[in-house]
Amino acid sequence: MKYLMLFLTAFAGFHLTISAQESNNTAKEFQSLADEHRPIPLWFWNNTEVVPAEIKLQLEQIKKAGYGGVSILPFGKDFKPKYLTESYFDAYRASIEEAKNLGLKLHIYDEYGFPSGTAGDINGDGVGRFKQRYPHLTNKRLDKTEFLPKLSASFSVKLQEEGLMAVVAMDSLNYRRIDLSGNIKQGLLTWKVPAGAWKIMAFHCVDAGNSIMDYLDPEAADLYIAMTHEEYFKRFGSYFGNVVEGTFFDEPTMYYAEGRTWTPKFNEKFKKKYGFNPALLYPALWYDIGEETAEARNYLHAFRSELFAEGYIRKVNEWSNKHGVYATGHLDNEEILNAVGTSGDFMKTFKYLDAPGIDKIGGNRPAERFYKLISSAAYNWDKYRVMSETYGDMGNISWNQIFGIAMDQYAKGINTLIPHAVWYNDQKVTFLPELSLRNPLYADSLQIFNDYLTRLNVVLKNDARWLGDVAILYPIQSMQGDHYFDGPLGHYKGGVELPYLDYTDISVNLFDSLGYDHMYLHPEVLDEQCQTKNGKLVMNNKRQHNAFSVIVVPASNTISLSNLNKIQSFAEGGGTVIFSNQLPKQATIKKANASVASILDKMLKMDNVHFIDKPTVKNLETALASVKTPFLLKFEQDALPVIQKERDGKRNLFLANASQESKSPTFVLEGEFSLSSWDPHTGEITENPVGISFDGKTTRVHMELAPFKSIFLIEK
């Protein structure tokens, strides 16, 4: 025992030494502005011919501005040299070699223009190189053709067999459905119509008429990657993992094909996973089919989203990792509340991506309401980085706006901000602002801003563990259950508005008004990675593990029985559950509907289960006041956006005042903490800041933050 105690003491001392070393290394990188953490902007090669001499001059300026590298984006019909020719790669080689000389990094942007997946068509020179090579592997659309047969008649019609996914007869009186695929002989459908009010629907997967790759098809992804990424690696492989550190895709989406993006192998892959043909489910994509509607839609929409995540996005990530770099990117039109028609399952899209991403661009698009979804996706699937492409098309915004947007993003979990953008031809800028030293509007403070971002990147890396008390169930199952094709909003806006959705309202009110950070939990992660232990809901990830004392269930129509069972177990263990606005009334599987109703009835009788009619700040605050477990952090005055992380057993906090008014936040931390303050604006570290006290149980912090200022509090 004596020797064991000596060993444990020695081990504890060793661990403390390592922790101190890590802390010292972080402080050193924070103050020395380590190059590896500097921001890497998009560098538009726009509507002009790029030449080595100018490349060298601009990269020198990019270095001087405090950037850490570039992600080259060929753009516009007048760009030269011609995309993917040897002359183009010669210009790229000049960039890589000069970047190496300057100590800069480079990310491979995978497209000429955007969205990714055409090799030059949209926002490029109008040439769809992928379609020219692989016309059979471009974007596909699911179409529906309807027939109204006469009662008791013998119905027949000639059908196109190519791309035929299903032929279903449905009685609109009782929703009875019949698979008529066996009634087709040599393209002729014949059927003796029984009594009822029948309609016959034929569903075809057809070419969508654009040049974008089929994002749902891994074969298309492999061939597109071979056309683009692989061509860079053939020429510059020796630079991968040192100069070239990442790849970037831009704006894939499922709103193309009129929001009905599909793929020819859908049925085949569905049957392989679930063991049955989905033909009888297809009418639910357009119509109410009775009690099975939510079940059918959850099957089909969820599987389409899975194919989307496992198609191009997963393939480019796997290719990147195989070649020694990481992958990031973002979707288009991410600010759609019901994202089923645009992004599918928005969180799960990023399950297989190293660095989940979003963009914050102009047009009054409220991306800030969705940052927490992106950072939560990273935490749910244990990712290292969270990316945002930021500032594009906002115009010549002020420095206060630029800093305010950045600190809001980092407080909400983003830790890799990609500035949009530096423009090669600064006389033909399409999307302001132009963020280079050539622009007199920003030249004076650009390096100061990049130094600021560098310090944020140092401390807020995801090798630290996020900490928080509150989980919000991501209501994707309800969105899928209520979504249908050809909705009134049109495909670009998501098609179907679901007025009851309040999950982002809950997030904004918790975070921005009350100062409660939180994580969205994906239903899959709740099922597979979470368990109840000692009154907590424990997420068992390797890096991003966490223990929640509260789970909020947003307004929903549909919830899986497995999710509800897990939430019930949590409540029975003493955890707090808050239902908002609208209780789920059905399960993702019809046969579980009665069980869902029974469980909800039991739960709502429990003292630690609350229902609030609206997720207002006041209602949320009242419900959270009943939580018996102390919060890790709780504001008493002037709540601010705050993120807490833990690195090597030490607490790191980042507080941001992105408003135009000074703030005097006061909050308590459960336990005793000796804190230093790190100023990301100046790099100054203060070992014993004023306003911190310990009362024997909690640490109270009172501080003053000027407008558009932020601060780190780092446990010693």
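The values are calculated or read from the model by the stated rules, or taken from the named source; none is laboratory data. Predicted model only: the values in this text are computed from it and were never measured. Note that each Cβ is placed from the backbone with ideal geometry, even for glycine, and that neighbours are counted across all protein chains shown. For accessibility, only protein heavy atoms count, side chains too; no ligands or nucleic acids. Shrake-Rupley method; radii C 1.70, N 1.55, O 1.52, S 1.80 Å.
Within the stretch 465-479, the set of residues being over 18 Å from Tyr371 (Cβ atoms) and surrounded by fewer than 24 Cβ atoms within 10 Å (Cβ to Cβ) comprises Arg465 only. Across the stretch 77-116, the number of residues qualifying as within 25 Å of Val127 (Cα to Cα) and not in a helix (DSSP H, G or I) comes to 19. In the stretch 553-576, of all residues being part of a strand (DSSP E or B) and in contact with a Pro (Cβ under 8 Å, 6 or more places away or on another chain), the one that is nearest to Met606 (Cα to Cα) corresponds to Val553. You will find that of Arg647, Arg700, the residue that is under 23 Å from Val470 (Cβ atoms) and either out of contact with any helix residue (DSSP H, G or I) (no Cβ under 8 Å at 6 or more places or on another chain) or among the polar types (S, T, N, Q) (or both) is Arg700 and no other. Could you say whether any residue in the stretch 501-508 is of a type in the set (Val, Ile, Thr) and more than 25 Å from Gln544 (Cβ to Cβ)? For the stretch 501-508, residues of a type in the set (Val, Ile, Thr) and more than 25 Å from Gln544 (Cβ to Cβ): absent.
Has the stretch 577-585 got at least one residue that is at pLDDT below 95, surrounded by 17 or more Cβ atoms within 10 Å (Cβ to Cβ) and either assigned to a strand (DSSP E or B) or hydroxyl-bearing (Ser, Thr, Tyr) (or both)? No, because not a single residue in the stretch 577-585 is at pLDDT below 95, surrounded by 17 or more Cβ atoms within 10 Å (Cβ to Cβ) and either assigned to a strand (DSSP E or B) or hydroxyl-bearing (Ser, Thr, Tyr) (or both). Just checking, how many residues over the stretch 635-656 are over 18 Å from Val459 (Cα atoms), part of a strand (DSSP E or B) and at pLDDT 95 or above? Of the residues in that region, 2 qualify. Taken together, Pro74, Pro39 contain a single residue that is under 26 Å from Gly124 (Cα atoms) and in a loop (DSSP other than H, G, I, E, B), which is Pro39.
Pairing residues of the stretch 88-104 that are of a type in the set (Phe, Trp, Tyr) with residues that are part of a helix (DSSP H, G or I) and open to solvent by 40 Å² or more (accessible area, probe 1.4 Å), at Cβ distances under 7 Å and at least 6 apart in sequence or on separate chains, gives Phe89/Arg235.
Yes/no matrix, rows are residues, columns are (1) open to solvent by less than 50 Å² (accessible area, probe 1.4 Å); (2) out of contact with any strand residue (DSSP E or B) (no Cβ under 8 Å at 6 or more places or on another chain):
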{"position": "Glu98", "(1), (2)": "yes, yes"}
{"position": "Ser116", "(1), (2)": "yes, no"}
{"position": "Asn123", "(1), (2)": "no, no"}
{"position": "Arg129", "(1), (2)": "yes, yes"}
{"position": "Arg141", "(1), (2)": "yes, no"}
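Filtering the stretch 294-324 to residues that are open to solvent by less than 30 Å² (accessible area, probe 1.4 Å) and hydroxyl-bearing (Ser, Thr, Tyr) leaves Ser305, Tyr312, Ser320.
When the stretch 660-679 is filtered for residues that are assigned to a loop (DSSP other than H, G, I, E, B) and touching a strand residue (DSSP E or B) at 6+ places or on another chain (Cβ under 8 Å), the ones remaining, listed by number, are Ser662, Ser664, Pro665, Gly671, Glu672, Phe673, Ser674, Asp679. Quickly run through the stretch 460-476 and pick out the residues that are assigned to a loop (DSSP other than H, G, I, E, B) and over 24 Å from Glu670 (Cα atoms). Result: Tyr474, Pro475. Within this structure, Ser71 passes the test of being of a type outside the set (D, E, K, R), under 27 Å from Pro440 (Cα atoms) and either surrounded by 15 or more Cβ atoms within 10 Å (Cβ to Cβ) or at pLDDT below 95 (or both). Can you find even one residue in the stretch 62-85 that is in contact with a Phe, Trp or Tyr (Cβ under 9 Å, 6 or more places away or on another chain) and of a type in the set (D, E, K, R)? Scanning the stretch 62-85, I find at least one residue that is in contact with a Phe, Trp or Tyr (Cβ under 9 Å, 6 or more places away or on another chain) and of a type in the set (D, E, K, R), so the answer is yes.
When Leu489, Leu510, Leu521, Leu561 are checked against the criterion of being touching a strand residue (DSSP E or B) at 6+ places or on another chain (Cβ under 7 Å), surrounded by fewer than 20 Cβ atoms within 10 Å (Cβ to Cβ) and of a type in the set (A, V, I, L, M), a single residue qualifies: Leu561.
If you filter the stretch 686-716 down to residues that are assigned to a strand (DSSP E or B), out of contact with any His (no Cβ under 9 Å at 6 or more places or on another chain) and open to solvent by less than 40 Å² (accessible area, probe 1.4 Å), you find that the one that is farthest from Ala639 (Cα to Cα) is Glu715.
Across the stretch 260-286, the qualifying residues are those that are assigned to a helix (DSSP H, G or I), of a type in the set (Phe, Trp, Tyr) and in contact (Cβ under 8 Å) with a residue 60 or more places away in the chain, and the one among them that is surrounded by the fewest Cβ atoms within 10 Å (Cβ to Cβ) is Phe266. Candidates in the stretch 532-547 are the residues that are part of a strand (DSSP E or B) and touching a residue at least 12 places away in the same chain (Cβ under 8 Å); of these, the one that is surrounded by the fewest Cβ atoms within 10 Å (Cβ to Cβ) is Lys533. Only residues that are open to solvent by less than 20 Å² (accessible area, probe 1.4 Å) and either among the charged types (D, E, K, R) or outside any helix (DSSP H, G or I) (or both) were counted across the stretch 440-454, and they come to 1. With respect to Glu528, determine if the residue is surrounded by fewer than 18 Cβ atoms within 10 Å (Cβ to Cβ), within 21 Å of the chain's Cα centre (by Cα) and more than 28 Å from Leu669 (Cβ to Cβ). For Glu528, the condition - surrounded by fewer than 18 Cβ atoms within 10 Å (Cβ to Cβ), within 21 Å of the chain's Cα centre (by Cα) and more than 28 Å from Leu669 (Cβ to Cβ) - is met. Restricted to the stretch 644-679, and to residues there that are without any contact (Cβ under 8 Å) to a residue 40 or more places away in the chain and farther than 19 Å from Gln409 by Cα, the residue that is most open to solvent (accessible area, probe 1.4 Å) is Glu672.
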